[in-house]
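Shown next, in structure tokens, is the structure this report addresses.
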Amino acid sequence: MSILVKATPRVWLRGAVVLLIAVPLLAGGFGPSRESPPEPASPSEAESTAATDTAGFAAPAIRPRLIRLASGTRFTDVRPPAGWSHLVLKSTPMLSSGALDTLSKEAFETARRIRLVILADVERTSNEGPFALARVGVGLAAPTVGEPGDVVVTATNVGDASGEWSTKERIILAAGSRELGQSTLAAATPGFALLRTPTTCVSGKEHATLDVLYAMLLDPATGRLRLFACKPSPDGSAPVIRELDPPAIVDGPLHVKARTFAGIPVSWSFAMIDVPGGDERSVPPELARLIAPERLETADAVAIEWAFRAFAERPAVSPTARAGSAAGQGD
């Protein structure tokens, strides 16, 4: 996304809204839509039976809800907030390539202050029953002042624990919340949640909005949670899917594009370079088909869960570096 601003690098922050999206990396105090998602098409009998047998849940069961995290919610990298069982992901934006010389020092400092956090609440369905996903929480967090950890902040309430906020930082926080308000649970079952975050990404030499996905897969017997980050391919080829180890504490490298007028930068675009590094597996055609943007709206959640469980059992190809092979794209 590009945002026009006045012709001075000092006001880059008015165009920096998009940098938050790379936290997916990057970003967001956002909550679920008030509207119920459309009912997906029913899976085949074989798909339904395989998914139920694999997941180990008895129907009917409650699906997890998407929750906007409240301001003041505190956590550390090794301890989730009270009432939550898992810190799933914390991603810190990092301006790493592109037109970096058009930005002020303040831009780099502000980019790293606002982080995306994803939480999960895993509960037993009964005293002896299987574990199930009850909630998925998303929000923006900032480092606490004077002690380790982070605290959730919102545009209307940054609290005291995160220190002072400038007007420009508050503008970025508010804009990030609006931008990431589009995030939804694209699929949800008692043992699975697929968080969809529309994100500005590097696509070839351009910046384009793609649906970055975070899949949370639960073992109902042990309560173990697995995390997969997925960046779709705009040209229809197989998406990149990497498994991260929760809690995944990562940096979200961003590429910066600047448009100029008469040699003066007048607008900026910030794009996620790649999903975080992790174990990669070859993506089977069925999983790629189910999570394709044109299919995701109607694909059945149970079928998607089953496809991810089969995918998770594939051998990993290799661990990837954090920026992966996409480092330096668009330079």
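Number of residues in segment 120-129 that are among the acidic types (Asp, Glu) and either modelled with pLDDT under 90 or in a loop (DSSP other than H, G, I, E, B) (or both): the value is 1. Going by the structure shown, is Arg242 surrounded by fewer than 21 Cβ atoms within 10 Å (Cβ to Cβ) and either farther than 20 Å from Phe270 by Cβ or out of contact with any strand residue (DSSP E or B) (no Cβ under 7 Å at 6 or more places or on another chain) (or both)? Against the criterion (surrounded by fewer than 21 Cβ atoms within 10 Å (Cβ to Cβ) and either farther than 20 Å from Phe270 by Cβ or out of contact with any strand residue (DSSP E or B) (no Cβ under 7 Å at 6 or more places or on another chain) (or both)), Arg242 does not qualify. Scanning segment 220-238 for residues being buried (at least 20 other Cβ atoms within 10 Å of the Cβ) and more than 14 Å from the chain's Cα centre (by Cα) gives a total of 2. Residue count for segment 166-206 under the criterion of being modelled with pLDDT of 95 or more and either farther than 26 Å from Ser237 by Cα or β-branched (Val, Ile, Thr) (or both): the result is 3. Residues in segment 135-158 that are in a strand (DSSP E or B) and in contact with a Gly (Cβ under 6 Å, 6 or more places away or on another chain): Gly139, Leu140, Val152, Thr154. Could you list all residues from segment 63-105 that are in contact with a Lys or Arg (Cβ under 8 Å, 6 or more places away or on another chain), surrounded by fewer than 18 Cβ atoms within 10 Å (Cβ to Cβ) and of a type in the set (S, T, N, Q)? Result: Ser104, single match. All of Ser33, Ser71 fail the test of being part of a loop (DSSP other than H, G, I, E, B), farther than 22 Å from Pro220 by Cα, among the polar types (S, T, N, Q) and at pLDDT 50 or above, apart from Ser71.
So is Pro232 touching a Leu at 6+ places or on another chain (Cβ under 6 Å) and more than 25 Å from Ala175 (Cα to Cα) or not? Explain how you work it out, then say what you get.
On the way: touching a Leu at 6+ places or on another chain (Cβ under 6 Å): yes; more than 25 Å from Ala175 (Cα to Cα): no.
When the stated conditions are applied, Pro232 does not pass them.
Among Ala132, Ala161, which is the only one that is assigned to a strand (DSSP E or B) and either surrounded by 20 or more Cβ atoms within 10 Å (Cβ to Cβ) or not hydroxyl-bearing (Ser, Thr, Tyr) (or both)? Before the answer, list the steps.
Numbers: Ala161 fails: assigned to a strand (DSSP E or B).
After applying the criteria, what remains is Ala132.
Here Asp101 clears all of (1) outside any strand (DSSP E or B); (2) under 21 Å from Val78 (Cβ atoms); (3) among the acidic types (Asp, Glu) except the condition numbered (2).
Looking at segment 179-206 only, could you name the residues that are among the β-branched types (Val, Ile, Thr) and buried (at least 24 other Cβ atoms within 10 Å of the Cβ)? Explain how you work it out, then say what you get.
Going through segment 179-206, the residues among the β-branched types (Val, Ile, Thr) turn out to be 184, 189, 197, 199-200, 202.
Those that are among the β-branched types (Val, Ile, Thr) and buried (at least 24 other Cβ atoms within 10 Å of the Cβ): Thr189, Thr197, Thr199, Thr200, Val202.
The values are calculated or read from the model by the stated rules, or taken from the named source; none is laboratory data. What you are looking at is a predicted structure, and each value in this text was computed from that prediction instead of being measured. So basically every Cβ, Gly included, is an ideal-geometry build from the backbone, and we count neighbours across all protein chains shown.
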